[in-house]
Amino acid sequence: LIISHNKTLAAQLYAEFKRFFPENAVEYFISYYDYYQPEAYLPQSDVYIEKDASINDHIDRLRLKATASLLSRRDVIVVASVSCIYNIGSPEDFRNFSLYLESGKIHHRELLMQELIKMQYERNDANFIRGKFRCRGETIEIYPAYLETGVRVEFFGNEIEKISEIHPLTGATIAVKQQVYIYPAKYFLLPQAQLEPALKAIEEELTLRVDEFNALNKPLEAERIKIRTNYDLEMIRETGYCHGIENYSRHLNGRQPGERPQCLIDFFPADFLVFIDESHVSIPQIRGMYAGDF
């Protein structure tokens, strides 16, 4: 792990290390927000400003690729910004939701589609873009969220007959694969067994917060947090995801109050090595961002 104190310097290091280590998995992990407006409330004028963010699709792909590489190989170099200390969910859940496909093995086509949906892939037969899959007869085509190429899985009955790496635009075969790993399209994933206890814990905390606001004679704030949280809970129940799901990560991961969230560093093996570039600037920045987040 190589930590740099700004995105521009990280990009420069990323390009250099890709040249130094052409055979390695050299990855890039920085914040994926082009624009970020945190939610805010102005009590003087009773104005609520919703959170607004613009996510860079290319950087999102590179972040997912970094974690996929860390779970699948040993020769990985990740150039990161201070973003590497922020919550991205559990590496165990990310690994457990991953999908292994092998040519010649039995795997039901309908089951594969169900598994992809659980991994936050969306079916779209018309618009084949990153994080989507489509089904045509006995063939399922997947566009992994972390790659620039697609994967075509051809079935003969319930057997995987052929796996190909394809060009996502033309559908042309680039290479035939014997086996392939498909990693999730998003970081925050939760096994069904953990979902209900987590949602119950969120509801319990919501009751406490609503009571707090009511005790302070703030009925507007109480109603707002109630509506917002109940909407998020409904989204998680129905789709397994909601915008701002990271706000509920303590409950979803079953952590205690004050316990740190899991981040990119948890995806590394125990024997990894850290370099901090421009450390006289980077270390105070990491310390400041950590303290603010805590």
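The values are calculated or read from the model by the stated rules, or taken from the named source; none is laboratory data. These numbers were taken from a predicted model, which means no experiment stands behind them. Methodologically, a virtual Cβ is constructed for each residue, glycine included, from the backbone with ideal geometry; neighbour enumeration extends over all protein chains shown. With ligands, DNA and RNA removed, areas are computed over all heavy atoms of the protein, side chains included. Shrake-Rupley method; radii C 1.70, N 1.55, O 1.52, S 1.80 Å.
The set of residues from region 105-152 being over 18 Å from residue 176 (Cβ atoms), open to solvent by less than 30 Å² (accessible area, probe 1.4 Å) and touching a helix residue (DSSP H, G or I) at 6+ places or on another chain (Cβ under 7 Å) comprises 133, 135, 145, 146. Tell me, yes or no, whether region 32-55 has at least one residue that is in contact (Cβ under 8 Å) with a residue 24 or more places away in the chain, aliphatic (A, V, I, L, M) and surrounded by fewer than 19 Cβ atoms within 10 Å (Cβ to Cβ). No; the residues of region 32-55 include none that is in contact (Cβ under 8 Å) with a residue 24 or more places away in the chain, aliphatic (A, V, I, L, M) and surrounded by fewer than 19 Cβ atoms within 10 Å (Cβ to Cβ).
Entry remark, region 271-293: residues being without any contact (Cβ under 8 Å) to a residue 24 or more places away in the chain, open to solvent by 50 Å² or more (accessible area, probe 1.4 Å) and not aliphatic (A, V, I, L, M) number 6 in total.
Per this entry, residue 27 is counted among residues that are under 21 Å from residue 184 (Cα atoms), at pLDDT 95 or above and acidic (Asp, Glu).
For region 235-281, filtered to residues that are among the hydroxyl-bearing types (Ser, Thr, Tyr) and not in a loop (DSSP other than H, G, I, E, B), the residue that is nearest to residue 9 (Cα to Cα) is 279. Within region 159-205, being of a type in the set (S, T, N, Q) and open to solvent by 70 Å² or more (accessible area, probe 1.4 Å) holds for 170, 173, 178, 179, 192, 194.
When every residue of region 221-230 is checked against the conditions, at least one turns out to be of a type outside the set (Phe, Trp, Tyr), surrounded by 13 or more Cβ atoms within 10 Å (Cβ to Cβ) and in contact (Cβ under 8 Å) with a residue 60 or more places away in the chain. Which of the numbered conditions does residue 268 fail, given that it passes all the others? Conditions: (1) without any contact (Cβ under 8 Å) to a residue 40 or more places away in the chain; (2) open to solvent by less than 50 Å² (accessible area, probe 1.4 Å). Looking at each condition in turn, residue 268 falls short on (1).
Annotation: residue 101 fulfils all but one of (1) open to solvent by less than 40 Å² (accessible area, probe 1.4 Å); (2) within 20 Å of the chain's Cα centre (by Cα); the unmet one is (2).
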